[in-house]
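Report on the structure given below.
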Amino acid sequence: MSDRLPPLTALRAFDAAARHMSFSKAAAELNVTPAALSFQIKSLEEHLEAPLFRRLNRAVDLTDAGRALAPGAADGFTALSAAWRAARRTVDQSTLTVTAGPAFTAKWLAPRLFTFAEEHPGIELRFSATLRIMDFTRDDVDVAIRFGFPREEEGLFSRKVMDEWLTPMMSPALAEQFPAPSDLARAPLLHQDDTAGFKPAFDWAAWFRAAGLPPRFASGTRFSQADHAIDAAIAGGGVVLGRISLAEGDLREGRLVAPYKIGLRTEAQYRFVCPEGSEHRPQVRAFLDFLETHTEALKTYRDGMSFVDAAEVAE
C-alpha cells in the first residue's frame with residue numbers, strides 16, 4: 001500500500017459525507033451529483049484498498065478506517081481554509097476587518113468611522129463587535145483592539161493605543177444636586193459588570209477608597225455593558241464611574257460632566273493587536289496611525305485631575 005496521498009477532490013468528498021453521514025447532503029454541499037460524489041469516495045476506497053463507509057438502507061455508516069480518517073480530514077480542510085483566507089488577506093489592500101468590544105465599538109469607534117472613511121476612501125472598514133477573543137488563524141479578522149492588562153503574545157504585533165482611567169460622571173442636572181464628592185453618599189450609583197473580574201478592581205469601592213471617603217454598599221442599577229450604564233447616566237438615571245475611553249464623546253458634547261478631580265487609574269489598557277508582520281500592510285498601518293492620532297486627544301482630559309492607581313487602593 002502506497003503512502004502517496006489520494007486526490008484532494010476525493011478527500012473533500014469523503015469529508016463532506018463523513019460530516020453529514022449522507023451522500024446526498026454531501027453532494028448538495030459540494031454542488032455535485034450524488035453519483036459524482038459516490039464515484040469520488042469509491043476511488044478513495046480503491047486508493048486505500050479498504051471501504052470507508054458501510055452502505056446501509058437509505059443511510060451510511062463509517063467503518064473503522066473511515067473513523068480513523070474523518071478527524072484528520074476535517075482538521076486538514078479547516079487548516080487549509082484558514083491558510084487560504086490568510087493568504088488572501090495579505091494581497092487584499094481594500095478591506096480591513098476590526099474586532100473590538102461592543103461598548104468600545106459603539107462609543108468610540110463607530111462615531112469616528114465617517115472620519116476614517118473620508119481620510120481613506122479606498123479602504124472598506126468592517127467591524128466585529130464582540131468580547132470573544134478572536135483567532136487570527138481561524139476568523140476573518142485583520143486587527144483586534146483588546147482591553148485588559150498587557151501581556152506578551154507570541155506571533156502577534158501588539159501596541160498600546162490608549163490608557164484608561166475613571167471618574168464619576170453624571171448629567172449636568174445631577175451635578176448640580178451633588179456638587180462635592182462626599183455628596184455621592186446619597187446619590188444613585190450605576191454599576192458596570194463587564195470589568196468585574198479585573199484584579200486589582202477599578203470599581204466604585206476602589207474609587208471611594210481613592211477619594212478618602214467611606215465605602216458604600218454596591219447597591220444601585222447594574223449593567224452588563226459599560227455603554228448602557230453611560231446611556232443611563234446621560235438620561236439622568238444616576239452617577240456612573242465613567243471610563244474616559246467610552247465617555248469622551250459625551251463629555252465633549254456636554255451630555256455628561258465630570259465635576260470631581262479625583263481619577264482612578266488602572267493598568268488595564270487598549271492595545272492594537274494583529275498577526276506579526278501584518279502591521280506593515282497599508283490598510284492596517286493606516287488604521288493604527290488613525291487610532292494613535294485620535295486617542296491623543298484624550299490626554300487633554302487629564303488636566304487638573306489627581307490620579308490614584310487602582311493597585312494602591314486594592315483590598
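Taken together, the values in this text are just the output of simple stated rules run on the coordinates, not laboratory data. In this text, all values refer to a predicted model and were calculated from it rather than measured experimentally. Counting neighbours? That spans all protein chains shown, and the Cβs are built from the backbone with ideal geometry, glycine included.
Quick notes
- Burial ordering of Ser278, Ser81, fewest other beta-carbon atoms within 10 Å first: Ser81, Ser278
- Value at 222 nm in deg cm²/dmol, rounded to 500, when DSSP H runs of n ≥ 4 in the chain each add -39,500 (n - 2.57): -11500 deg cm²/dmol
- Note on the chain: GNM, Cα springs under 10 Å; of Ala13, Ala103, Ala206, the largest mean-square fluctuation is that of Ala13.
- 16 Å Cα-Cα reach of Lys261 towards lysines, excluding residues that sit fewer than 8 places from it in its own chain: Lys299
- Along its principal axes, region 8-91 has C-alpha extents of 48, 25, 19 angstrom, given from the largest down.
- Annotation note: GluC sites (Glu not before Pro) in region 53-161 located in DSSP loop regions with a Cβ neighbour count of at most 13 within 10 Å are Glu152, Glu153, Glu154.
- Those lysines that a straight Cα-Cα span of less than 20 Å connects to Lys42, excepting residues fewer than 8 apart in one chain: Lys25
- The chain - percent relative contact order, Cα under 8 Å, separation 6 or more: 20 percent
- Kirkwood hydrodynamic radius of the chain, Cα pairs, Å: 23.4 Å
- With neighbour counts taken as other beta-carbon atoms within 10 Å, the residues Val91, Val257 rank, fewest first, as Val91, Val257.
- Inter-part distance where region 153-173 and region 224-254 are each reduced to a Cα centre, Å: 14 Å
- Computed from point charges on the beta carbon alone (+1 for Lys and Arg, -1 for Asp and Glu), the dipole magnitude for region 8-91 about its Cα centre is near 380 Debye.
- Among Ala205, Ala35, Ala129: highest mean-square fluctuation, GNM of the chain, C-alpha pairs under 10 Å: Ala35
- The peptide list 226-236, 170-180, put in order of mean Cβ contacts within 10 Å with the highest first, becomes 226-236, 170-180.
- Entry note, region 8-91: relative contact order of 26 percent, from Cα contacts under 8 Å with a spacing of 6+ residues.
- Among Arg67, Arg243, Arg255, the largest mean-square fluctuation in a Gaussian network model of the chain (Cα springs under 10 Å) belongs to Arg67.
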